[in-house]
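Every number here is computed from the coordinates shown, using simple stated rules; none is lab data. The structure presented is a predicted model; accordingly, all values stated were derived computationally and were not measured. All Cβ positions, even for glycine, are placed from backbone atoms using ideal geometry, and neighbour counts span all protein chains on display.
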Amino acid sequence: MTYKWNFLTLTHDQKNKKNELAQELNIDPVFSALLLQRGISTKEEAIAFLHPSLDDLHDPFLLPDMEIAVERIERAIGNKERILIYGDYDVDGTTAVSLVYKFLRRITNNIDYYIPDRYDEGYGISFQGIDYAVATGVKLIISLDCGIKSIKKIAYAKEKGIDFIICDHHMPDDLLPEAVAVVDAKRHDSIYPYKELSGCGVGFKLVQAFSARNDLPFSEIEPLLDLVAVSIASDIVPITGENRILMHHGLKQLNSNPSFGLRGIIEVCGLTRKTINVSDIVFKIGPRINASGRIMNGKEAVDLLLATDIASARIKSKNIDKYNEDRRELDKRITDEAIEFIDNQLNINEQKSIILYNETWHKGIVGIVASRLAERYFRPTIVLTKSNNLISGSARSVPGFDVYKAIESCKDILENFGGHTYAAGLTLREENLEEFKRRFSIISFDEIEARMMQPKIRIASEITFDKITPKFINDLALFQPFGPENENPIFLTRNVTDAGGSKLVGRNLQHIKMEIVDPTITQPIQAIAFSQHSSFSLLKENQPVDICYTIEENAHGNNTYTQLMVKSIRKSNK
């Protein structure tokens, strides 16, 4: 893939501030520039960013309807009413349900949880779920990671004498459901200082508010942060502001004393003796939790996350690991079919978006496939299949294009939709498919410019290899956890040459394992360049190259070493 190299720049005022901030914090100016690029310009802001503190979490009662929600839960517990915790079948929903259920089951035994079936019920609140609540004597449903658009279904619950508390993080419509409380920072009337909580994050704020109102120490809910960390990483919400604090301390909990359920998943992932980071959650832990809802039923993921002993957690983790293997096989097959269709049936150079429909594709896999295609072709992608006589699927986008807004503009021909700027889901009738494709294509042609369809590398700083000292590595670690809107910084080094040990590796020899130097060092640095075998000849001919890379700390046995993850290689101009 050919990348456009873009350099992140500082304003005139920021350039003047860079050295001053570096001196105040005793850090390299490279890092003060990274702070300024993130909008951090004072020593106080920098300390709060580099050392996230739970004391800086926002007051949960600033969230809309939080007072009402807490009061209603207290009344339900006091009156011994049956409570149902209801959530979506993905990682965010299942971790949210697990978190709130784990907390409330210590206070009341009159509690249950419900995860809708992806295939029989679809996303969000379902009539079947409400009927289950009626049949089991539930008087209060707390929905997590869903519900913000379920106007008809919540009205149905109200007719049946069931109250709803909605805890969601998705964009609401102008009209809110008739719930007792609608806790969502994205409400138009919300004054909450941070808008990007995950669904599980909203659940944690509910628990935080209940604890504060009932004089329970924060230390009692802090162990639940491992679930919040898994949700933040898996739902790909920004790791900024309050999410950064929750993620930082959630990772500490995940690495020091995870719940039995998460410990079981960590073991089957082979992460037991590794320091777990965001990437481990995104690529190993999260997919296994998701696999339950994709292949079978998300309730199994909650059963695992609520495990009360390691033996049962290990058994359940092995089952979910098997689901993940099945998911990977389906994922590969459907992705290969989609790529073959695009390459043979579409003139991709004339397309500004991709919409694929195949009624035989597995509903639980289309979101993953959409992500892979959007990454491969760098265009907004919607992958659709048939389910319960309706067409449903997932959308993924590219930077600069709001796929949720584009889908929302077609809502008059949709049965259901929801999501975020870069990821969304939708359901429609088959007779509306061609009209939807037509409208979406017009929007993409109008809004997507050629530059948006070329993948970019955003270079944070140009450095020489002699900069990469132990102190540099330690200071860089303070910027973690990395993720959306706090990306692992990409560095550029020029005039890099092979030190003699570079070689092609991988099953098809498509990767380069590099041993490289630049003019400032003699001891080679280790690096890996995935899928960049075409640049190997430059290295072996001893041609100087410029490389863009991130810096990683890798563990091998008891040894830790620095490795560069090379994103792009170009021949140097010298």
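Percent relative contact order of the stretch 346-457, based on C-alpha pairs within less than 8 angstrom and at least six residues apart?
Working: 201 pairs, mean separation 26.9, N = 112.
Relative contact order comes out at 24 percent.
Among 463-475, 220-232, how do they line up from the highest to the lowest mean number of other beta-carbon atoms within 10 Å?
So the order, starting with the most tightly packed, is 220-232, 463-475.
Just want to confirm a number: the relative contact order over the stretch 10-65, from Cα pairs under 8 angstrom separated by 6+ residues, in percent.
Across the stretch 10-65, relative contact order equals 28 percent.
Against the longest principal axis of the chain, how steep is helix 66-78, in degrees 0 to 90 to the nearest 10, with axes from Cα atoms?
Roughly 50 degrees between the two axes.
Go ahead and run the numbers for FRET between E515 and V282, Cβ-Cβ distance against an R0 of 25 Å, rounding to 0.05.
After rounding, the FRET efficiency stands at 0.30.
Using only Cα atoms and rounding to the nearest 10 degrees, what angle (0 to 90) does helix 286-295 make with the longest principal axis of the chain?
50
What's the ranking of 356-367, 3-14, 236-247 by average number of surrounding C-beta atoms within 10 Å, highest first?
Listed from highest to lowest mean packing, they are 236-247, 356-367, 3-14.
Scan around G418 for amide H atoms under 5 Å from its own, H built in the peptide plane at 1.01 Å from N, and keep only partners 5 or more places away or cross-chain.
Close amide H contacts, sequence-distant or interchain: G425.
Pop a pseudo-label 7 angstrom from the Cα along the beta-carbon direction at both R75 and L8 and give the gap in nm to one decimal.
Result: 4.8 nm between the two label points.
Tell me which label goes with the value of Cα Rg over 2.2 N^0.38 Å computed from the coordinates here: (1) 1.01; (2) 1.12; (3) 0.94.
Correct label is (1).
For T560 and L390 in one chain, what is 0.36 nm times their gap in residues minus the Cα-Cα distance, to one decimal in nm?
56.0 nm
By the scheme Lys and Arg +1, Asp and Glu -1, what is the net charge of all other residues having a beta-carbon under 12 Å from that of L197?
With Lys, Arg at +1 and Asp, Glu at -1, the neighbours total -3.
Of K17/K186; K4/K352; K80/K195; K149/K363, which ones are farther than 25 Å apart at the Cα? List each step's numbers first, then the result.
Working: K17/K186 34 Å; K4/K352 18 Å; K80/K195 34 Å; K149/K363 22 Å.
Over 25 Å apart, Cα to Cα: K17/K186; K80/K195.
Through the Karplus equation 6.51 cos²θ - 1.76 cosθ + 1.60, θ set to phi - 60°, convert the phi angles of the stretch 85-100 into ³J(HN,Hα) values in whole Hz; use x for Gly and Pro.
Ordered by residue, 3J(HN,Hα) equals 8, 10, x, 5, 8, 8, 4, 4, x, 6, 5, 5, 4, 4, 5, 5 Hz.
Any idea how far apart S53 and L433 come out in nm if each label point goes 7 Å out from Cα toward Cβ?
Taking the simple label geometry, S53 and L433 are separated by 5.7 nm.
If amide hydrogens are placed 1.01 Å from N in the peptide plane, which non-local residues have theirs closer than 5 Å to the one on V505?
Q510, H511, I512, K513
Going by alpha carbons, how many degrees (0 to 90, nearest 10) lie between the helix axis of 433-447 and the longest principal axis of the chain?
Approximately 40 degrees, to the nearest ten.
For a quick check: with amide H placed at 1.01 Å from N, whose amide H comes under 5 Å from E462's, ignoring anything fewer than 5 positions away on the same chain?
So E462 has HN proximity to L492.
Rounded to the nearest 0.05, what FRET efficiency do K158 and E67 give with R0 = 25 Å and r taken as the Cβ-Cβ distance? Could you check?
Numbers: r = 21 Å, r/R0 = 0.82.
Working from the Cβ atoms, E equals 0.75.
Just to check I understand the Karplus step: with θ = phi - 60° and J = 6.51 cos²θ - 1.76 cosθ + 1.60, what whole-Hz values come out for the stretch 374-383, glycine and proline as x?
Ordered by residue, 3J(HN,Hα) equals 4, 5, 6, 9, 6, 9, x, 10, 10, 10 Hz.
Just to check I understand the Karplus step: with θ = phi - 60° and J = 6.51 cos²θ - 1.76 cosθ + 1.60, what whole-Hz values come out for the stretch 486-498, glycine and proline as x?
Whole-Hz 3J(HN,Hα) from phi for the stretch 486-498: 9, 5, 4, x, 9, 9, 10, 10, 9, 6, 8, 10, 5.
Please sort by residue number the trypsin sites (Lys or Arg not before Pro) in the stretch 90-146 whose DSSP state is loop and whose Cβ has at most 14 other Cβ atoms within 10 Å.
Hits after loop and neighbour filter: R106.
Which value in nm describes the separation of the simple spin-label points at E350 and D174, placed 7 Å from the Cα toward the beta carbon?
The two pseudo-label positions are separated by 3.9 nm.
Just to verify a number: FRET efficiency for D343 and Q128, C-beta to C-beta distance, R0 = 60 Å, to 0.05?
Calculated value: 0.90.
Considering Cα pairs under 8 angstrom that are at least six residues apart, work out the relative contact order of the stretch 287-340 and quote it in whole percent.
Numbers: 35 pairs, mean separation 21.2, N = 54.
This gives 39 percent for the stretch 287-340.
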